[in-house]
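Engineer: Just dropping this structure here.
The values are calculated or read from the model by the stated rules, or taken from the named source; none is laboratory data. This is a predicted model, so every value here is computed, not measured. As a convention, Cβ positions derive from the backbone with ideal geometry for all residues, glycine included, and neighbour counts pool all protein chains shown. The protein model used for the area step is the full one, side chains on, heavy atoms only, and it has no ligands, DNA or RNA in it. Shrake-Rupley method; radii C 1.70, N 1.55, O 1.52, S 1.80 Å.
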Amino acid sequence: AAQSLEEIGKTIEKCTKCNLAKGRTKSVPGEGNHNPSLLVVGEGPGRDEDRTGRPFVGQAGNYFETWMKAIKLSREGDFFITNIVKCRPPENRDPLNEEIEACLPYLERQIELLQPRVILCLGRVAAYSLLGLSESLTLLRGKKHNYHGIPVVITYHPAAVLRNLTLRAPVWEDLKKVTRLLSEG
Ligand code: URA
Ligand code: SF4
């Protein structure tokens, strides 16, 4: 039978479908509002996430929270946040295709249950994996995308923006796009 959000979380905690299971401390199913207007999708857990079992709680996560504060959205009240792969890749390397393929059904089921009005993809791995695209982020940002009819906004990963602050301006444009799409609902 199809699983609930809580059941998916429990399944992910014990999952051994790919090699990332071996290196993880805790898997990171995702958290936030269960009837969200927005779903945020990152790449995969980092060190702090692996240790706590919670998404986006390290440096990039704290920085990302300032973006959400700027558009007045919170995990409790408005959005759910998760990743393409639910277990940390060693040394934070990009997840491999086989790992993405093994893990993606969890995200697909989460989206079915959450039914967000808008999806925000953070970075190349999130956008490529969810939408099956492979153009450069710069090209993808300028186009309209949807996942089964749900509008998808693609922006840079907060860790990339921390390394290159010139990306702040385009990120702000993308966040305004999110706000606009949410207000159209
Ligand atoms: N970066 C991600 O992509 N996901 C996290 O959960 C934390 C950092
Ligand atoms: Fe399972 Fe996903 Fe973790 Fe791989 S990354 S072990 S598929 S939960």
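Engineer: Counting only residues 5 or more places away or on other chains, whose amide H sits under 5 Å from the amide H of GLY46 once H atoms are built in the peptide plane?
Structural biologist: PHE56
Engineer: Same structure, new question: Would you mind telling me which residue in GLU99, GLU91, GLU65 has the biggest mean-square fluctuation in a Gaussian network model of the chain, where springs connect alpha carbons within a distance under 10 angstrom?
Structural biologist: Result for the chain, Cα springs under 10 Å: GLU91 fluctuates most.
Engineer: Related question: Tell me which lysines have Cα within less than 20 Å of LYS26's Cα, excluding those fewer than 8 residues away on the same chain?
Structural biologist: Partners within reach: LYS10, LYS14, LYS17, LYS86.
Engineer: Using the charge dipole of the chain (Lys, Arg: +1 at Cβ; Asp, Glu: -1 at Cβ; taken about the Cα centre), state which of LEU130, ILE119, ASN62 has its Cα farthest towards the positive end.
Structural biologist: Result: ASN62, furthest along the dipole toward the positive end.
Engineer: Could you compute the FRET efficiency for GLU101 and TYR63, with r as their C-beta to C-beta distance and R0 at 35 Å, rounded to 0.05?
Structural biologist: Given R0 = 35 Å and the Cβ-Cβ separation, E is 0.75.
Engineer: Identify the trypsin sites (Lys or Arg not before Pro) of region 34-82 meeting these criteria: DSSP loop state and at most 14 other C-beta atoms within 10 Å of the C-beta.
Structural biologist: LYS72
Engineer: With springs only between Cα atoms under 10 Å, which of LEU139, LEU113, LEU39 fluctuates most in a Gaussian network model of the chain?
Structural biologist: Result: LEU139 has the largest fluctuation of those listed.
Engineer: While we're here: For helix 168-184, what angle does its Cα long axis make with the longest principal axis of the chain, in degrees from 0 to 90 and rounded to 10?
Structural biologist: The angle comes out near 90 degrees.
Engineer: Pop a pseudo-label 7 angstrom from the Cα along the beta-carbon direction at both ALA160 and LEU133 and give the gap in nm to one decimal.
Structural biologist: 1.2 nm
Engineer: Taking amide H atoms as placed 1.01 Å from N in the peptide plane, list the residues 5 or more away in sequence, or in a different chain, whose amide H sits under 5 Å from that of ASP78.
Structural biologist: The answer is ASN33.
Engineer: Full extension from ASN19 to LYS143: what is 0.36 nm times the residue separation minus their Cα-Cα distance, to one decimal in nm?
Structural biologist: That pair, ASN19 and LYS143, stretches by 41.2 nm at full extension.
Engineer: A further question follows. Would you mind computing, in nm to one decimal, how far apart the modelled labels at ALA2 and ARG93 are, each placed 7 Å from Cα along Cα→Cβ?
Structural biologist: My value for the distance between the label points is 3.6 nm.
Engineer: Next question, about the same structure. Enter the accessible area of TRP172 (Å², nearest 10), with the probe set to 1.4 Å and all protein chains included.
Structural biologist: Accessible surface of TRP172 is approximately 110 Å².
Engineer: To the nearest 10 square angstrom, what accessible area does ARG93 show with a 1.4 Å probe?
Structural biologist: 80 Å²
Engineer: Rank these by accessible area, largest first, 1.4 Å probe: GLU76, GLU7, GLU43, GLU13.
Structural biologist: Ranked from most to least accessible, the order is GLU76, GLU13, GLU7, GLU43.
Engineer: If you place +1 on the Cβ of every Lys and Arg, -1 on the Cβ of every Asp and Glu, and leave all else neutral, what size is the dipole of region 57-109 about its Cα centre, to the nearest 20 Debye?
Structural biologist: 280 debye
Engineer: May I pose another question? About its Cα centre, what dipole magnitude does region 87-185 give when the only charges are +1 on Lys and Arg Cβ and -1 on Asp and Glu Cβ, stated in debye to the nearest 20?
Structural biologist: 500 debye
Engineer: Between region 44-74 and region 83-137, what is the separation of their alpha carbon centroids in Å?
Structural biologist: Each part's Cα centre sits 16 Å from the other's.
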